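Just below is one structure, and these are the notes that go with it.
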Amino acid sequence: MKPLTSEWVEKAEGDFATAERELNAENRPNYDAVCFHAQQCAEKYLKARLQEADIPFRKTHDLSDLLNSALAVDSSWESLRADLNSLSAFAVEYRYPGESADMDEAREALERCRKGAPTDANVAEFGTIRFFP
């Protein structure tokens, strides 16, 4: 794995760990943060895969856009689109006043993240789809 790819993976793992910790917090869990970090985890894993394949990508939080680029590596990733589209909104949706996530939304966001991104840097799979060659 390329060094920069590894950095993306480490960042993704940090987001996943933060989302899990916050979801399981006994005192004042921040469900908005769970949703945000679930989205960030998937985003960073997609960027890691693109980085590893030398596919350029722009600064974006749109997981569908990143997925479209990643399909050049493996077209079977199309099966991840629904989960990734659902997560995309969490990049900004709950970051500002007016909207808040509840426990059910946070659980769903983390589950969709699990489906759309590996949860261990040593496991080279993207959900059930091969992540790194």
statement: In this structure, the FRET efficiency calculated for Glu7 and Arg107 from their beta-carbon separation, with R0 = 30 Å, to the nearest 0.05, is 0.55
message: Once you keep just the Cα pairs under 8 angstrom separated by 6 or more residues, what percentage relative contact order results for segment 3-130?
response: 30
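Highest first, please rank the peptides 48-57, 98-107 by the mean number of other Cβ atoms sitting within 10 Å of their residues.
48-57, 98-107
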task: Please arrange His37, His61 by counting, for each residue, the other beta carbons lying within 10 Å of its beta carbon, fewest first.
output: His61, His37
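Since every read-out is calculated from the coordinates, none of them should be taken as a lab result. These numbers were taken from a predicted model, which means no experiment stands behind them. Cβ: placed from backbone, ideal geometry, glycine included. Neighbour counts: every protein chain shown.
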